[in-house]
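S.K.: Please read through the structure below; I'll follow up with questions.
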Amino acid sequence: MGSKKLRRVGLSQEMCDRLSRHQIVTCKDFLCLSPLELMKMTGLSYGGVHELLCMVSRACAPQMQTAYEIQTQRSAALLPAFLSTTLPALDEALHGGVACGSLTEITGPPGCGKTQFCIMMSVLATLPTNMGGLGGAVVYIDTESAFSAERLVKIAESRFPRYFDTEEKLLSTSSKVHLYQELSCDAVLQRIESLEEEIISKGVKMVIIDSVASVVRKEFDTQLQGNMRERSKFLAKEAASLKYLAKEFSIPLMFFSDAREQSWLPDDWALLAHQGAVAELVSMRVGRKDAMEKAHAVVFQGCDLLPGRT
């Protein structure tokens, strides 16, 4: 929660502007400074700075909640619990679809259809809520230059021909998918840490990263001493930021990695792709071995589900 913007924690606009001139934008930036440094930047007394520190600390620290309070809030908010994949067997296995408010990991060998599935989910998220969509925008972070706007349009027309019957609707959907090509670990992390404001301003309802493993594999040779530690630190920081965004805004957040990479979310969801087909998305909470066996038992032929694959 340290990535939360100061303008969202109750500070005045004048104070936020004053701090931003010193590149102090997030709660983490603010809390890393000493009271003396903050007194110089803000012009406040020690007591005033202490009040600001307490306010920012409360805003970014996780609040204690009972299970009943969490359930009551979710019920009152009327937010969707899942985004349907529109694939009946897959939705049944997921008890409704891809979970909102959590991370979904998709793994599989190169060329099995992960990017294709991801583009399809982008289309689904932009659909109106009365069609099972989320009625919002999508942030798509592409680290492999694999995204194709033409394919997005083709999938939209193929999957929902009655809805996408005009160029205006196709243009509206494609304009809601915000693509960012980030080719390094630092660039990906910086983009993730800047997403909070974009989610609010653009009405983003889904975030997709294709793929996490690509940039990590290029920059961290695990055979070199010390690289494994730095790799784990990067992935942990990235996961913490993503989990915060998913939970804070109750949106589904999907990311991709190759099957040869070890999963870095062992207790969340994984989509296993096998032999050129999209396999069942299963909960890792039942144990990785059991989940793997279950996923390989239910395979959907990619050519029947999606128009083409990558």
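The values are calculated or read from the model by the stated rules, or taken from the named source; none is laboratory data. Here the structure is a predicted model, which is why all the values come from computation and not from measurement. Glycine also receives a Cβ, built like all others from the backbone with ideal geometry; neighbour counts cover every protein chain displayed. These area figures cover heavy atoms from the full protein model, side chains too; ligands, DNA and RNA do not enter into them. Shrake-Rupley method; radii C 1.70, N 1.55, O 1.52, S 1.80 Å.
S.K.: Under the rule of at least 5 residues apart or a separate chain, name every residue whose amide H is placed under 5 Å from the amide H of V177.
M.R.: Here V138 satisfy the definition.
S.K.: Which one of S145, Q63, A187 has its Cα pushed farthest toward the positive end of the charge dipole of the range 57-202, where Lys and Arg give +1 and Asp and Glu give -1 at the Cβ?
M.R.: It is Q63, whose Cα lies furthest towards the positive end.
S.K.: Over 29 Å between Cα atoms: which of K154/K202; K5/K154; K28/K247 fall into that group?
M.R.: Those over the limit are K5/K154.
S.K.: Same structure again: Among residues other than S84 whose Cβ falls under 11 Å from its Cβ, what is the net charge (Lys/Arg +1, Asp/Glu -1)?
M.R.: Summing Lys and Arg as +1 and Asp and Glu as -1 gives -2.
S.K.: For the range 200-250, what is Rg from Cα atoms divided by 2.2 N^0.38 Å, rounded to two decimals? Don't jump to the answer; show the numbers that get you there.
M.R.: Details: Rg = 14.0 Å, N = 51, 2.2 N^0.38 = 9.8 Å.
Normalised by 2.2 N^0.38 Å, the Cα Rg of the range 200-250 equals 1.43.
S.K.: Would you work out if the range 99-240 is rounded, prolate or oblate? Take a ≥ b ≥ c from the square roots of the eigenvalues of the alpha-carbon gyration tensor; rounded if a/c is under 1.5, else prolate when a/b is larger than b/c, oblate otherwise. Show your work: numbers first, answer last.
M.R.: Values: a/c = 2.48, a/b = 1.87, b/c = 1.33.
Taking the square roots of the gyration eigenvalues as a ≥ b ≥ c, the range 99-240 is prolate.
S.K.: Let me ask another. Residue by residue, what Karplus-based ³J(HN,Hα) values in Hz, rounded to whole numbers, does the range 88-102 have, using 6.51, -1.76 and 1.60 with θ = phi - 60° and x for Gly and Pro?
M.R.: These are the phi-based 3J(HN,Hα) values: x, 5, 5, 4, 5, 5, 8, 6, x, x, 6, 5, 7, x, 8 Hz.
S.K.: Under 8 Å for C-alpha pairs, at least 6 residues apart: give me the relative contact order for the range 96-170, rounded to a whole percent.
M.R.: Computed value for the range 96-170: 20 percent relative contact order.
S.K.: Which of the peptides 42-54, 100-112 is most tightly packed, and how do the rest follow, judged by the mean count of other Cβ atoms within 10 Å per residue?
M.R.: Answer by packing, highest mean first, reads 100-112, 42-54.
S.K.: Here is a further query. Rounded to the nearest 20 debye, what is the charge dipole size of the range 71-196 about its Cα centre when +1 sits on each Lys and Arg Cβ and -1 on each Asp and Glu Cβ?
M.R.: Approximately 320 debye in magnitude.
S.K.: Measure off, as a whole percent, the carbon and sulfur share of the 1.4 Å-probe accessible area of the range 205-259, all protein chains present. Numbers along the way, then the final one.
M.R.: Details: 1170 of 2430 Å².
About 48 percent, which is the carbon plus sulfur part of the accessible surface.
S.K.: Over the alpha-carbon set of the range 95-180, divide Rg by the Kirkwood Rh and report the Rg/Rh ratio to two decimals.
M.R.: Using only Cα positions, Rg/Rh for the range 95-180 is 0.95.
S.K.: On to the next question. Tell me, what HN-Hα J-couplings in whole Hz come from the Karplus equation 6.51 cos²θ - 1.76 cosθ + 1.60 at θ = phi - 60° for each residue of the range 40-55, using x for Gly and Pro?
M.R.: For the range 40-55, the Karplus curve yields 5, 6, 9, x, 8, 6, 4, x, x, 5, 4, 5, 5, 4, 5, 5 Hz.
S.K.: What is the packing order of peptides 4-15, 207-218, taking the mean over residues of other C-beta atoms within 10 Å and listing the highest first?
M.R.: The packing order, highest mean first, is 207-218, 4-15.
S.K.: Placing +1 at every Lys and Arg Cβ and -1 at every Asp and Glu Cβ, with all other atoms neutral, what dipole size does the range 42-121 have around its Cα centre, in debye to the nearest 20?
M.R.: 120 debye
S.K.: Specify which residue in the list F82, S158, M121 is farthest towards the positive end of the charge dipole of the range 62-197, using unit charges on the beta carbon of Lys, Arg (+1) and Asp, Glu (-1), about the Cα centre.
M.R.: The listed residue farthest towards the positive side: S158.
S.K.: Further question on the same structure: Dipole of the range 23-76, Cα-centred, from +1 at each Lys and Arg C-beta and -1 at each Asp and Glu C-beta, to the nearest 20 debye?
M.R.: That gives the range 23-76 a dipole magnitude of about 80 debye.
S.K.: Something else about it: Provide the per-residue ³J(HN,Hα) series for the range 141-154, in order, calculated from phi with Karplus coefficients 6.51, -1.76, 1.60 and θ = phi - 60°, each as a whole number of Hz, with x at glycine and proline positions.
M.R.: Along the range 141-154, the couplings run 9, 9, 9, 10, 6, 9, 5, 10, 5, 4, 5, 4, 5, 5 Hz.
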